[in-house]
Structure formats: structure tokens, C-alpha cells
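**Q** My questions all concern the structure below.
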Amino acid sequence: MRITVVTPTYNEAENLPRLVSALFVLPLDLSILVVDDNSPDGTGRIADELALAHPGRLSVMHRPGKMGLRSAYLNGFQKVLGDGAQAIVQMDADFSHDPSVLVEMAKQIETCDLVLGSRYVKGGSVDVRWPAWRKRLSAFGNVYSRTILGIPTRDVTTGYRMWRRETLLRMPLERIQSNGYVFQVEMAYLAHCLEFKIAEFPVYFLDRRWGKSKISLMIQLEAAIRVWQVWWGYRDLKRMGRLARI
């Protein structure tokens, strides 16, 4: 199975070379698309150098500035689907997502539509260095989203995912509106509304070792409001699903 990792970057100059090395030693037919938003620290230039060092296995999409997580992934999906990727991975560049887990996720994607790297199933966890308040906030964010949306998935906010090609092609991605961390929630909810088979594989979420976190209190507050908009925006799909089961 041809797997393509799509990783958006903004100021990941310290992390990107390490990530590429870690991914290319995996026993997988794997390529990488870096979507860089004109990083001031030169991440885009480093990505170009890595592309020259790995011809045919690494490509770079340069964008003029910070355009948001939604467009980074949707633009990336469009490109790699056009290039023939059979499985598409969403993955952060900061090593919060363990690259080695992709081997097991690749096995699971053979029998399902979407595999989530989950912190909140048995065997999954978050960084032991996190203070108690941050662990509670992360867990609450998932419970909050799952409760409002009525979705059984344990980790709807995880950014570590592997999609089957056919799954993304069948999703109405033009309906995705969230442009932040709720993008992950909306994508998972849309897959749930369309009754795709979703599996969760336990992962250990490691906080970034290099660079600065991009999560702020304002982003978290915005996300809390946006979840309600996601629920309202897909009420037609939920209604169709209920009618189909009658």
C-alpha cells in the first residue's frame, strides 16, 4: 500500500529533518508531502533540500503565509490523491506523533476506513510531564466534543490519522469549515455521520521537544463554540442516516 504522510509546517526547522529520517527508516512504501506556510525560520528551504536528497519520496507545497490547518490539509489531500496515494496520513512535524506507530496503523487500515492514533483508549496516554490541569483540559475537550456530537470515538481531537484513499474521495470535503484544531473534530464527525468504519490505535502523545506550542487559550475557547456549529452543520447527514436505517 502506497502511504503518503501530509505534514503541515510553520517554523519546524529543528524538527523536520529528524521527522523525515524517522519516517524513511520504517518498513513501509511511504512518501511525504510537506505543506509549508512560508515559515520565517527557513523550514520551507530545508524541506526543498530534503526533497533533493530524497527524489520521488518527498515533495513540498509552498504557500504564501499562514493559511490555517484546514486549507493545509485539504490542499495536501487534493495533491496526494491526484498523485495516487492509497493511504493518507495526517501527522504533526513536532514529534508529538510517534512515527513508528504508523506500521501498526497501516495494518489496521486494511480493514477499516479511518485509523485514529488515540490517547484515550486502553494503552494510550499523554506526556507524563504534562501538569494535571493540562491533562484535565485535554480529556475534557474530548468528552465535551463527544457528548455534543454523540460520537463514540474516544479521541476526536487527535491530529494523528490514517485515511483510506476511498474514504477521503467519498467525503464532501468542501463542507469542512473549521479552520483550527476543531478541523480534526469536524473531520472525525463527518466520517461518523457517513458511517465509515473508524478504528483507534493507542498512542503515547509526546509533547514537542523543540520549538513552541501553537495552542493558545483563545484557540481553545473558539474550539468550544465551534463544536456546536459542527453539530448544527451536519444535521442533514444525521437525518439521512436515521432514515436509511428505518
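The values are calculated or read from the model by the stated rules, or taken from the named source; none is laboratory data. Note that the structure is predicted; figures quoted are calculated from it, not measured. Note that each Cβ is placed from the backbone with ideal geometry, even for glycine, and that neighbours are counted across all protein chains shown.
**Q** All but one of (1) within 22 Å of Lys79 (Cα to Cα); (2) in contact with a Lys or Arg (Cβ under 7 Å, 6 or more places away or on another chain) hold for Leu169; state the number of the condition that does not hold.
**A** (2)
**Q** So for segment 84-91 (the condition being touching a residue at least 24 places away in the same chain (Cβ under 8 Å), surrounded by fewer than 21 Cβ atoms within 10 Å (Cβ to Cβ), of a type outside the set (Phe, Trp, Tyr) and more than 23 Å from Val156 (Cβ to Cβ)), does at least one residue qualify?
**A** yes
**Q** Any residue in segment 22-29 that is of a type in the set (Asp, Glu) and either more than 21 Å from Met105 (Cβ to Cβ) or in contact (Cβ under 8 Å) with a residue 60 or more places away in the chain (or both)?
**A** No: segment 22-29 contains no residue that is of a type in the set (Asp, Glu) and either more than 21 Å from Met105 (Cβ to Cβ) or in contact (Cβ under 8 Å) with a residue 60 or more places away in the chain (or both).
**Q** If only one of Asp48, Asp92, Asp29, Asp83 is touching a strand residue (DSSP E or B) at 6+ places or on another chain (Cβ under 9 Å), under 24 Å from Val182 (Cα atoms) and among the charged types (D, E, K, R), which one is it?
**A** Asp92
**Q** Which residue pairs have Cβ atoms closer than 8 Å, lie 6 or more positions apart in sequence or on different chains, and pair a first residue in segment 122-146 that is farther than 17 Å from His97 by Cβ and without any contact (Cβ under 8 Å) to a residue 60 or more places away in the chain with a second residue that is surrounded by 14 or more Cβ atoms within 10 Å (Cβ to Cβ) and among the basic types (Lys, Arg)?
**A** Close Cβ pairs (under 8 Å, with a partner that is surrounded by 14 or more Cβ atoms within 10 Å (Cβ to Cβ) and among the basic types (Lys, Arg)) amount to Arg146/Arg154.
Residues checked against (1) free of Cβ contacts under 8 Å to residues at least 60 places away in the same chain; (2) touching a Leu at 6+ places or on another chain (Cβ under 8 Å); (3) under 20 Å from Gln108 (Cα atoms):
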site	(1), (2), (3)
Trp163	no, yes, yes
Glu166	yes, no, yes
Leu173	no, yes, no
Ser178	no, no, no
Ala188	no, yes, yes
Cys193	yes, yes, no
Ala199	no, yes, yes
Pro202	no, no, yes
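**Q** Further question: Name the single residue that is surrounded by the most Cβ atoms within 10 Å (Cβ to Cβ) among those in segment 26-56 being within 20 Å of the chain's Cα centre (by Cα) and charged (D, E, K, R).
**A** Asp36
**Q** Look at Val103 and say whether it is surrounded by fewer than 20 Cβ atoms within 10 Å (Cβ to Cβ), assigned to a loop (DSSP other than H, G, I, E, B) and of a type outside the set (Phe, Trp, Tyr).
**A** When the stated conditions are applied, Val103 does not pass them.
Rundown of residues vs (1) touching an Asp or Glu at 6+ places or on another chain (Cβ under 7 Å); (2) modelled with pLDDT of 95 or more, yes/no style:
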| residue | (1), (2) |
| --- | --- |
| Arg129 | yes, no |
| Trp133 | no, no |
| Glu186 | no, yes |
| Val203 | yes, yes |
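**Q** For segment 205-227: of the residues being surrounded by 12 or more Cβ atoms within 10 Å (Cβ to Cβ) and assigned to a helix (DSSP H, G or I), which is modelled with the lowest pLDDT?
**A** Looking at the filtered set, the residue picked out is Ile219.
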